[in-house]
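Structure record follows, encoded as structure tokens.
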Amino acid sequence: MDSLIINGGKKLIGNIPISGSKNACLPMMIASLMTDEKMTLNNIPMLSDVKTLISILKSLGTNIEYKKDNLHLHTKEIINHKASYDLVKKMRASFWVLAPLLAKKGYAEVSLPGGCAIGTRPIDIYLEMLKEMNIKYSINNGYIVAKAESPIRGLNFKLEKKSVGCTHFFLMLACLANGTSKLSNAACEPEVVQLGMLLNKMGAKIRGLGSKKIIIEGVEKLNGINEIVPSDRIEAGTFAIAVSATGGRIKLENTNYDENKTLFKILEKTGSKINKSKNSINIEKTNDEIYPVNIKTSPYPGFPTDLQAQIMTLMAISNGQSEIKENIFENRFMHVQELVRMGANIKLDKDKALIRGTRSLNGANVMATDLRASASLIIAGLVAIGKTTISRIYHLDRGFYNLECKLNNCGASIKRISE
């Protein structure tokens, strides 16, 4: 099992190319099951989650080739209707294969999902959608077994709470259904829009992407496509927070300012300077003062829950008190105790973290508890006095592509070791 050793106290100076988005490419890869023609996805980050999904798709009948960041997928025929527990348990997004299997073949057996332990994230909403579309299902030995007794029909569905996963699922399930489908209170995240645009280019008829109401006219088939995976806004945000904590200046290449506008406005309030151009963003932090801000996570375009752990590290070294309220996942404060081990002053009150900033953190042995917590501990290690050792970084490899290499190229001192 790998660990990272970080020697802190170094400013970050340089350029960082932002990789393709994990949260965008996973549903795009799954959408390849919905056509019997070839699909090519460019700018793929070869993360462990991507590798897991490749294994799942291959088990279902997809022929896959990977060449120079390009992934070629071709499902001439779905040869297997079962997504096994051994693979699905590793990553929650893999559960979404249930949608194209049902849309294309009308039958599927998919293991209940796994992934980071950051909340319960129940599947009851997915099951309600199946029921509304005339799809019968049961839960047997940890698997959802679903079968459409007749052609899948469109549905009119309202999400009580915005959900990216449920919106992805709806898009893939409804675009091959008979008739019109409508989803109210839909998620508006860029990754949802990107999946919908991909499906439209494949021949789907989807309206309302990026709004609270999505309307889909079902079509008989989808076509192949050659598409570029957009840059990862969470990776870009993580590096922006890192340089705001360490000081220095970095240029984020191949990234979209508007997708992280909420974060950048907050970083300016903390004392960083942000300048944007067409495809890049410059972040500069020249003084030692980090001003505290209060943050509430919320669906896009609000502050993303996937950057909550990282911004907490920045607040831990601010010059005052701040409060972070987590509104998306009920168990996403597991990084707090690890930050406390490094000298952070953080108190938890249910869904709130109350933070009293301290001038410095100290290096320590800490443990990554989930994907985004890993990034928060790396930022803490970069600013800490002395050496920090982070274990269980397999979480990091699920969602950040060459993160330590990119930071080292900007002056950080990070070494990966195998135990």
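The values are calculated or read from the model by the stated rules, or taken from the named source; none is laboratory data. These numbers come from a predicted model, not from an experiment. Please note: Cβ atoms are built from the backbone with ideal geometry, for glycine as well, and neighbour counts cover all protein chains shown.
Miscellaneous remarks
- Look at region 263-289: where a residue is on the phi > 0 side of the Ramachandran plot and a partner is of a type in the set (Ser, Thr, Tyr), sitting 6+ places away or on another chain with Cβ atoms under 8 Å, you get GLY271/SER244; GLY271/TYR291.
- Subset of region 317-343 (residues that are within 22 Å of GLY9 (Cβ to Cβ) and touching a Gly at 6+ places or on another chain (Cβ under 9 Å)): ILE317, SER318, ASN319, MET342
- Here the condition is being farther than 24 Å from ILE417 by Cα and in contact (Cβ under 8 Å) with a residue 12 or more places away in the chain; of ILE379, ILE393, ILE355, ILE385, it holds for ILE355 alone.
- Of the criteria (1) over 12 Å from PRO27 (Cβ atoms); (2) in contact with a Leu (Cβ under 7 Å, 6 or more places away or on another chain); (3) free of Cβ contacts under 8 Å to residues at least 24 places away in the same chain, which one VAL219 fails: (3)
- Here THR167 fulfils each of the conditions (1) without any contact (Cβ under 8 Å) to a residue 24 or more places away in the chain; (2) under 25 Å from the mean Cα position of the chain (by Cα) apart from (1).
- Scanning region 154-196 for residues that are in contact with a His (Cβ under 7 Å, 6 or more places away or on another chain) and under 12 Å from TYR300 (Cβ atoms) yields one hit, VAL192.
- Flag if LYS10 is under 24 Å from the mean Cα position of the chain (by Cα) and charged (D, E, K, R): no
Residue-by-condition table, conditions (1) within 26 Å of ARG392 (Cα to Cα); (2) surrounded by 20 or more Cβ atoms within 10 Å (Cβ to Cβ); (3) in contact with a Leu (Cβ under 6 Å, 6 or more places away or on another chain); (4) of a type outside the set (Lys, Arg):
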position: MET29; (1), (2), (3), (4): no, yes, yes, yes
position: LEU33; (1), (2), (3), (4): no, yes, no, yes
position: ASN42; (1), (2), (3), (4): no, no, no, yes
position: LYS51; (1), (2), (3), (4): yes, no, no, no
position: SER55; (1), (2), (3), (4): yes, no, yes, yes
position: LEU73; (1), (2), (3), (4): no, yes, no, yes
position: ILE79; (1), (2), (3), (4): no, no, no, yes
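- Filtering region 375-399 to residues that are at pLDDT below 95 and under 18 Å from GLN308 (Cα atoms) leaves HIS395, LEU396, ARG398, GLY399.
- For region 111-125, the count of residues that are buried (at least 17 other Cβ atoms within 10 Å of the Cβ), within 29 Å of GLY218 (Cβ to Cβ) and touching a strand residue (DSSP E or B) at 6+ places or on another chain (Cβ under 6 Å) is at least one.
So that you can scan it fast, the table gives a plain yes or no per residue for (1) more than 21 Å from VAL192 (Cα to Cα); (2) of a type in the set (Lys, Arg):
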{"residue": "LEU33", "(1), (2)": "no, no"}
{"residue": "LEU87", "(1), (2)": "yes, no"}
{"residue": "ARG92", "(1), (2)": "no, yes"}
{"residue": "ALA99", "(1), (2)": "no, no"}
{"residue": "LYS105", "(1), (2)": "yes, yes"}
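- Wholly within region 318-411, helices (runs of 4 or more DSSP H) carrying at least 2 residues that are surrounded by fewer than 23 Cβ atoms within 10 Å (Cβ to Cβ) and of a type outside the set (Gly, Ala, Ser): 336-341, 403-408
- Restricted to region 27-126, the set of helices (runs of 4 or more DSSP H) holding at least 3 residues that are touching a residue at least 60 places away in the same chain (Cβ under 8 Å), in the same structural domain as CYS175 (by TED's automatic domain parsing) and more than 30 Å from PHE333 (Cβ to Cβ) comprises 98-105.
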